[in-house]
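The values are calculated or read from the model by the stated rules, or taken from the named source; none is laboratory data. These numbers were taken from a predicted model, which means no experiment stands behind them. Every residue, glycine among them, receives a Cβ derived from its backbone with ideal geometry; neighbour counts consider all protein chains shown. To get the accessible areas, we keep the full protein, side chains included, count just its heavy atoms, and leave off ligands, DNA and RNA. Shrake-Rupley method; radii C 1.70, N 1.55, O 1.52, S 1.80 Å.
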Amino acid sequence: MVFKILISGAGIAGPSLAYFLSLAKAGHQITIIERFPAIRKTGAQVDLRAQGIEVVKRSGLLDAICSKLVPEEGVSFVNSKGVVQGSILANKSGQGAQSLTSEYEIMRGDLVDILYDATRRLDGVKYIFGKEIESFTEEDDAIEGKGKVAVVFSDGSMETFDLLVDAGGQGSRIRRSILPPNATDPYRRVGLHVAYFFVPRIASDDNLRRVYNCSGGRMIFRRSHNATETQVYFFLRNDDPRLSSISKADIETQKAFWADRFRDAGWETARFLEGLKTTEDFYCHEVVQVKMDAWSSNGGRFVLLGDAAYCPCPLTGMGTTGAFVGAYVLAGEILRHPNDARMALRNYEKTLRPFVDVIQELNTTALRLAMPESQWGVNVLHFLIRWLCWLKVPDIAARLSRTEKGGWKVPEYEDLRGFSSQH
């Protein structure tokens, strides 16, 4: 059976699914709908790790991705005077796991652009921009003996599909459609907020990410991705539920909040706050995980993919990997069960859930220790970093760790073999 599939969201997970399904040449007709008027090439740095690297190698996209990698060499922890307390370099030994910096660091916009170019000319794939899903209804088709999903779009038009895939990200607008009445909030809050923005690069901004901790549960990243721009990340650990509304305010209110919270932070903060005033690349959000009891509807015609289903949160470093791996597994199960969408979705969840459980592991106690409230706590943290790095513990641990996160093996799908040698 050939499926007519609608994918909501043209980020990473949705186009990855379209790519795998199309290269298998099964004839599926795929529409990717995006509410923005064009592909969004914005965003900060992302990376590939663990099983995500294996999936990308199988996809045949590795060369394209490697051509756009940023030159981050590792991470250095600094004090308020900019003195390095310890450094952890990327693990390029070819053995073990990635360190804090992956071998495969890339700007989100470049990765999205690669996926868009890889899919927009494929037979059976089309993009629709500036439109979104208003509502949908799963229907039984007594004549054909198979289910359908009727979708109403924001322009009032309606179309019927065999399968609807929500790849709309952490803030998905249609995920609630499969939540039962009185369901618990799918967001697991961890008491952390983050702002990302770009400032002009200066001579002292090199290819080592700088991490600066200061009192008040605050942390700053500085990382450079090209010759003219430097990324700045402000992290704030705070359990006050009222802060959840900050990311919903207007941009100027958001900027004012972050400027006020970091005004006395020290190090290079004055420079960063000056850049914050005029930057056009600014985004802030509350760090959450998405935890769902089920990723598909009872009717078997609607399924969640990527961050919409199982956002692991940026601290795990596994969001992009989760999107690629999830798309690969969903495509594989659809291809393996061409006449039974419900079985395909059931097996997608059964196969992927153990991996998701692993990538969503988050030690909140470790988070509190890594972002101390007091200056004394920051001093202790720096003391530990100096000794651990001097003893090369992080380097040894990375090389001796398993490449596969949690030991979960990427499944083999007959229809998805051989991509790397063909494309």
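When the stretch 172-223 is filtered for residues that are closer than 26 Å to Ser135 by Cα, surrounded by fewer than 17 Cβ atoms within 10 Å (Cβ to Cβ), modelled with pLDDT of 85 or more and not charged (D, E, K, R), only Tyr187 remains.
Okay, residues lined up against (1) under 30 Å from Glu138 (Cα atoms); (2) in contact (Cβ under 8 Å) with a residue 60 or more places away in the chain; (3) over 20 Å from the mean Cα position of the chain (by Cα):
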site	(1), (2), (3)
Leu192	no, yes, no
Ala195	no, yes, no
Arg201	no, no, yes
Cys214	no, yes, yes
Arg242	no, no, yes
Glu252	no, no, yes
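Between Pro314, Pro354, Pro338, the distinction of being under 30 Å from Cys214 (Cα atoms), of a type outside the set (A, V, I, L, M, F, W, C) and in contact (Cβ under 8 Å) with a residue 24 or more places away in the chain belongs to Pro314 only.
In the stretch 287-309, which residues are part of a loop (DSSP other than H, G, I, E, B) and farther than 14 Å from Val356 by Cβ?
Of the stretch 287-309, the ones part of a loop (DSSP other than H, G, I, E, B) are 291-295, 297-301, 305-306.
Across the stretch 287-309, the qualifying residues are Ser297, Asn298, Gly299, Gly300, Arg301.
Here Gly326 passes the criteria (1) under 18 Å from the mean Cα position of the chain (by Cα); (2) in contact (Cβ under 8 Å) with a residue 12 or more places away in the chain; (3) surrounded by fewer than 22 Cβ atoms within 10 Å (Cβ to Cβ) except the one numbered (3). Looking at this structure, is Gly317 within 22 Å of the chain's Cα centre (by Cα) and not basic (Lys, Arg)? For Gly317, the condition - within 22 Å of the chain's Cα centre (by Cα) and not basic (Lys, Arg) - is met.
Listed here are the residues, each with its yes/no results for (1) surrounded by 12 or more Cβ atoms within 10 Å (Cβ to Cβ); (2) under 28 Å from Gln289 (Cα atoms).
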position	(1), (2)
Lys350	no, yes
Asp395	yes, no
Glu404	yes, yes
Lys409	no, yes
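Within the stretch 117-130, the set of residues being hydroxyl-bearing (Ser, Thr, Tyr) and either surrounded by fewer than 21 Cβ atoms within 10 Å (Cβ to Cβ) or not assigned by the TED database to the domain that holds Ala18 (or both) comprises just one member, Tyr127.
Against the definition (open to solvent by less than 10 Å² (accessible area, probe 1.4 Å), assigned to a strand (DSSP E or B), farther than 30 Å from Phe136 by Cβ and modelled with pLDDT of 95 or more), how does Leu276 come out, yes or no? Spell out the reasoning first.
Working: open to solvent by less than 10 Å² (accessible area, probe 1.4 Å): yes; assigned to a strand (DSSP E or B): no; farther than 30 Å from Phe136 by Cβ: yes; modelled with pLDDT of 95 or more: yes.
So Leu276 fails the test.
Scanning the stretch 257-270 for residues that are in a helix (DSSP H, G or I) and open to solvent by less than 60 Å² (accessible area, probe 1.4 Å) gives Phe257, Trp258, Ala259, Phe262, Thr269.
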